[in-house]
Amino acid sequence: MAATPSLEKKRTNLFLVLSGIFLANALLAELIGVKIFSAEALFGLQGAQIGIMGEKFDFNLTAGVIIWPVVFVTTDIINEYFGKSGVKKVSILTVVLILYAFLVITIVTGLPPAAFWLDLNNQDAAGNPFNIDYAFNSIYRQGLGIIIGSVVAFLISQFLDATVFHWLRGFTGSSKIWLRATGSTLVSQLIDSVVVLFVAFYIFGNWPLSLVMSVAAINYIYKFFIALALTPVLYLAHYLIDGYLGRRTAETLIETAAEESKE
């Protein structure tokens, strides 16, 4: 039975909202990812010095990991209601927009700075000499290896997440969303953590493979616990979406997405 205009409008609005959340957080994560922060210092703790492959590491993470779990949670929600095709559409669109953003940044950082802008901002708050144009370019401009690595890792992890999600659904049916959502996220984030560092710093950089795997392990430990902590958000999202669409419509949408994802 064809959906009524009002239900089709709700379905479209839901996809737009979820896609907007997905796009905004993915793009922001790419832009803020140049900052590395200490998770221990955030809580006033000493460095963890976790031993991995003969190396000692603290939880020094890119700022992007703060909001990156939101992308994976949103992926699972889109997967649940719109299937693998919905995830692929929004993932490809996101990659195109990320590449567009980096193209614009490359052009903008190449523009000659105005003399008065440099003069007005030639000192920091402590009175030290400061080059605002250099700082601007350093923050926004990323190396080609990092851009390629992040895009490749993003696409692989998103498509893998969608596939694993529906593979697990074959065992869980419509119940245990926490299992298929968390399970698919943990698998996809493992691949994401390794691929982005491998491409960016091993293929295009000078990191030894042991360092790549060690840093990837630290990043994955963080993502692992965040994925578990965000499980209640999935149920909250389901509750809100089911209330918006109506339970019967929501269930029909979920079943349709599951059937289409088998093809």
Here is a list of conditions, (1) without any contact (Cβ under 8 Å) to a residue 24 or more places away in the chain; (2) closer than 23 Å to residue 89 by Cα; (3) open to solvent by less than 70 Å² (accessible area, probe 1.4 Å), and residue 149 meets all of them except one; can you say which number that is? (1)
So which residues in segment 41-67 are over 23 Å from residue 88 (Cα atoms), surrounded by 15 or more Cβ atoms within 10 Å (Cβ to Cβ) and in contact with a Phe, Trp or Tyr (Cβ under 9 Å, 6 or more places away or on another chain)? 48, 59, 60, 61, 62, 63, 66
Give the number of residues within segment 173-187 that are polar (S, T, N, Q), part of a helix (DSSP H, G or I) and open to solvent by 20 Å² or more (accessible area, probe 1.4 Å). 0
Which condition number in (1) in a strand (DSSP E or B); (2) under 23 Å from the mean Cα position of the chain (by Cα) is the one that residue 78 fails? (1)
If only one of 88, 10, 56, 84 is of a type in the set (Lys, Arg) and not in a helix (DSSP H, G or I), which one is it? 56
Here are some residues: 240, 245, 190. Which one is aliphatic (A, V, I, L, M), open to solvent by 50 Å² or more (accessible area, probe 1.4 Å), more than 17 Å from the chain's Cα centre (by Cα) and closer than 18 Å to residue 74 by Cα? 240
Tally time: how many residues in segment 30-40 are open to solvent by 70 Å² or more (accessible area, probe 1.4 Å) and either in a helix (DSSP H, G or I) or β-branched (Val, Ile, Thr) (or both)? 1
Any residue that is outside any helix (DSSP H, G or I) and without any contact (Cβ under 8 Å) to a residue 24 or more places away in the chain - is there at least one of those in segment 155-168? no
Does residue 108 count as surrounded by 12 or more Cβ atoms within 10 Å (Cβ to Cβ), under 18 Å from the mean Cα position of the chain (by Cα), in a helix (DSSP H, G or I) and modelled with pLDDT of 90 or more? no
List the pairs whose first member sits in segment 118-135 and is within 25 Å of residue 106 (Cβ to Cβ), whose second member is surrounded by 12 or more Cβ atoms within 10 Å (Cβ to Cβ) and of a type in the set (A, V, I, L, M), and whose Cβ atoms are under 6 Å apart, counting only residues at least 6 apart or on separate chains? 121/132
Residue by residue through segment 222-236, note down the ones that are in contact (Cβ under 8 Å) with a residue 12 or more places away in the chain and open to solvent by 20 Å² or more (accessible area, probe 1.4 Å). 222, 224, 226, 228, 230, 231, 233, 235
In the set 92, 98, the lone residue that is crowded, with 20+ Cβ neighbours inside 10 Å, under 14 Å from the mean Cα position of the chain (by Cα) and farther than 22 Å from residue 221 by Cα is 98
Matching residues in segment 206-221 - criterion: being closer than 18 Å to residue 147 by Cβ and surrounded by fewer than 16 Cβ atoms within 10 Å (Cβ to Cβ): 206
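The values are calculated or read from the model by the stated rules, or taken from the named source; none is laboratory data. Every value quoted in this text rests on a predicted model; they were computed, and no experiment measured them. Reconstructed Cβ throughout: ideal geometry from the backbone, glycine too, with neighbour counts over all protein chains shown. Side chains included, ligands, DNA and RNA excluded: accessible areas come from the protein's heavy atoms. Shrake-Rupley method; radii C 1.70, N 1.55, O 1.52, S 1.80 Å.
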